[in-house]
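Down below is the structure, laid out as structure tokens.
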Amino acid sequence: MSIKLVTRNFDRPDSHTLRVYREGGGYETLRKVLATRTPQEVVEEVKRSNLRGRGGAGFPTGMKWSFVPRETGKPVYLCVNADEGEPGTFKDRFILEQDPHMLLEGIGIAAYAIGARYAYLYLRGEFVEAGRRVEDAIAEACEAGLLGSDLPDSKFSLDLYVHYGAGAYICGEETALLESIEGKKGWPRVRPPFPAVKGLFGSPTVINNVETLAKVPHILEKGAAWFSALGTEKSGGTKLFPVSGKVNRPGLYEYPLGTPLRTIIDEGAGGVSAGKKIKGVIPGGASCPVLTADEIDVPMDYDALAKVGSMLGSGAIIVLDEETSMLKTLLNLERFFAHESCGQCTPCREGTRWIVQVLERIAAGKGAPEDPDLLLDIAAHMAGRTLCPLGDAAAGPVRSFVTKFREEFLDPLNSM
Ligand SMILES: Cc1cc2nc3c(=O)[nH]c(=O)nc-3n(C[C@H](O)[C@H](O)[C@H](O)COP(=O)(O)O)c2cc1C
Ligand code: SF4
């Protein structure tokens, strides 16, 4: 059953304003946390909640916060990842547009927990409306004394800056994002050192996704046990699922983690459109391996999806019906990755281009019988051999599409 936490105000008129957010008790949790809890207690509460990062990798949030070294003499930074460039993903934009104050309250609590005096919100440049709403919300919060110097009932101060991206998907990768904020080319960094130790301007830094941070006020308000119980044993809470493709009601749905994929498609998105059958489903955004129609009873959580060889990723569900060409779909995805590869590592830079060339050749009716194996071979030489996860992200779909729908990569007449 759908549960509304992050989306609870979305249907209310003027949900983006401070007035409406406060009518629902907004910013009370931040006030209570600053007055009654130590930063360490906040970190422990978030650890116990089993909140895992909603940006794609699913790293436990409380643990990430606990990695930040104290007393280094350097400032600590919080960076909010609002780049949202993964095809199929449109969840953070809704939070930014519909309830920016819930995000700001989460940012305030997170910054207090890690000891950050300054935070940056890295916003996808194309999100013009979201940018306007967030900047208005920041101005409202500053005016009301909820951001800036000496926040209510405490000596804690926080300044938040909005930094606009310039349209590169790779700048959503956390170290490329840091480079971009520093005014450099958005190239992922070699790790270690990890950002928690050496991040923005060489200082300890936490990077969190918008949805992750919007969950934080709910955890501190109702408690870790309550939040954790909403999800599965290892993945607490609800998740936003943007559903697109061949469904009757494409849109954004919030469900507890562990809800079967089939329920979200049928109950949330109204089932497959035009009475067609499902051929495959991409369960978590463009970089996640595709599932077949037989696999869609899988619970939507990090571990269950890993068991069936895919990933929860950003939670973006893309439904492909029986008339969809898997060849064209994969070509479309791989053109995206080839275009967005930053070119730093050879397996990703060359591999993504070769994959596109082979797929285009098959689509033009000039494929060779060995092409499916050639595609798998190129993907095998990319996965795990690159600086950042984009190489894996491009290889995963190739492996799953070609293995599960091999016949469509042999005979173009069957797949057009
Ligand atoms: C190519 C690439 C693009 C990414 N884009 C985003 C993005 O747009 N938003 C996001 O939150 N995370 C994105 N990530 C994941 C981030 O690197 C990082 O894991 C995340 O922001 C951490 O936040 P979380 O722990 O709250 O999930 C991307 C990763 C890669 C490799
Ligand atoms: S894997 Fe691709 S996107 Fe990532 S650093 Fe290497 S070339 Fe750039």
Given a 1.4 Å probe, the accessible area of segment 163-264 per residue, as a whole number of Å², is 36 Å²
Roll a 1.4 angstrom probe over the protein heavy atoms and tell me the percent of accessible area of the chain that is carbon or sulfur. 53 percent
Would you please give the residues with an amide H less than 5 Å from that of R52, counting only those at least 5 places away or on a separate chain, with H modeled from the backbone geometry? T61, G236
How large is the Rg to Rh ratio of segment 290-416 when both quantities use alpha carbon positions and Rh follows Kirkwood? 0.96
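Restrict the search to segment 312-397; then list the trypsin sites (Lys or Arg not before Pro) that DSSP places in a loop and that have at most 14 other Cβ atoms within 10 Å of their Cβ. Walk me through the numbers before you get to the answer.
Working: sites: K328, R335, R349, R353, R361, K366, R385; in loops: K366, R385.
Those satisfying the criteria are K366.
Which of the GluC sites (Glu not before Pro) across segment 45-113 are loop residues per DSSP, with 13 or fewer other Cβ within 10 Å?
Values: sites: E45, E71, E84, E97, E105; in loops: E71, E84.
When the GluC sites (Glu not before Pro) of segment 45-113 are filtered for loop state and at most 13 Cβ neighbours within 10 Å, E71 remain.
Excluding ligands, DNA and RNA, what is the solvent-accessible area per residue of segment 283-416 at a probe of 1.4 Å, expressed in Å²?
Values: 5530 Å² over 134 residues.
Result: 41 Å² of accessible area for each residue.
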List every DSSP H helix in the chain whose Cα atoms extend 15 Å or more along the helix's own long axis and whose mean Kyte-Doolittle hydropathy is at least 1.0. 100-114
Any chance you could check the Cα centroid distance between segment 1-24 and segment 75-93 for me, in angstrom? 20 Å
What is the pair-distance distribution P(r) of the chain, computed from all Cα-Cα distances in 20 Å bins starting at 0, with each bin given as a whole percent? 27, 56, 16, 1
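Taking a probe of 1.4 Å, how large is the accessible area per residue of segment 1-90, in Å²? Walk me through the intermediate numbers first.
Working: 4240 Å² over 90 residues.
Normalised by residue count, the accessible surface of segment 1-90 is 47 Å².
The values are calculated or read from the model by the stated rules, or taken from the named source; none is laboratory data. Predicted model only: the values in this text are computed from it and were never measured. Neighbour counts run over all protein chains shown; Cβ positions are idealised from the backbone, glycine included. For the accessible areas, the whole protein counts, side chains as well, though only heavy atoms, and no ligand, DNA or RNA atoms are used. Shrake-Rupley method; radii C 1.70, N 1.55, O 1.52, S 1.80 Å.
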